């Protein structure tokens, strides 16, 4: 068996090193692709969570009744109803901000996020939501407060949900 010279060993080491670098780059590329796919899934799930929060507002007759009354006149709600209404709108607001964060990171399209903003503007322009926001908005971080005020300003034509869910008290 022939012994390899030092030059041949060096050449062989360079070839092995090159192959190792190529394999490493392929691995990194696959990891980046997998991470990109995971971000896309997270964006999709966040969008669905926001939509689900909207649907949950009126998922049951009791919830729908509370939300309709709250959107029309938050101040007229009982303490318990105010707490439940606050919880529902706070959940929706938090899900909106999760979607906003993905939008700011470039993981949610401007078109999709504009739809979410319009929905928030419609909700926040309802008289009861205006009362709710005036009462509880200060518990949110300042950036949330500023952002929601901006959303309200940018969608002045958004029809308030209260007009869609007009509540009329029935005589008994």
message: For region 33-54, check the following and say yes or no: at least one residue is at pLDDT below 80 and either over 22 Å from the mean Cα position of the chain (by Cα) or within 13 Å of residue 129 (Cβ to Cβ) (or both).
response: yes
- prompt: Does region 85-106 include one or more residues that are free of Cβ contacts under 8 Å to residues at least 60 places away in the same chain, over 16 Å from the mean Cα position of the chain (by Cα), surrounded by fewer than 21 Cβ atoms within 10 Å (Cβ to Cβ) and within 22 Å of residue 49 (Cα to Cα)?
  reply: yes
query: Residues in region 69-76: is at least one surrounded by fewer than 21 Cβ atoms within 10 Å (Cβ to Cβ) and out of contact with any helix residue (DSSP H, G or I) (no Cβ under 8 Å at 6 or more places or on another chain)?
result: no
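Results for (1) buried (at least 16 other Cβ atoms within 10 Å of the Cβ); (2) modelled with pLDDT of 90 or more, shown as yes or no for each residue.
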| position | (1), (2) |
| --- | --- |
| 129 | yes, yes |
| 132 | yes, yes |
| 136 | yes, yes |
| 149 | no, yes |
| 152 | yes, yes |
| 162 | yes, no |
| 166 | no, no |
| 169 | no, no |
| 172 | no, no |
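The values are calculated or read from the model by the stated rules, or taken from the named source; none is laboratory data. Please read these numbers as outputs of a predicted model, since none were measured by experiment. We place every Cβ from the backbone using ideal geometry, glycine too, and count neighbours over all the protein chains shown.
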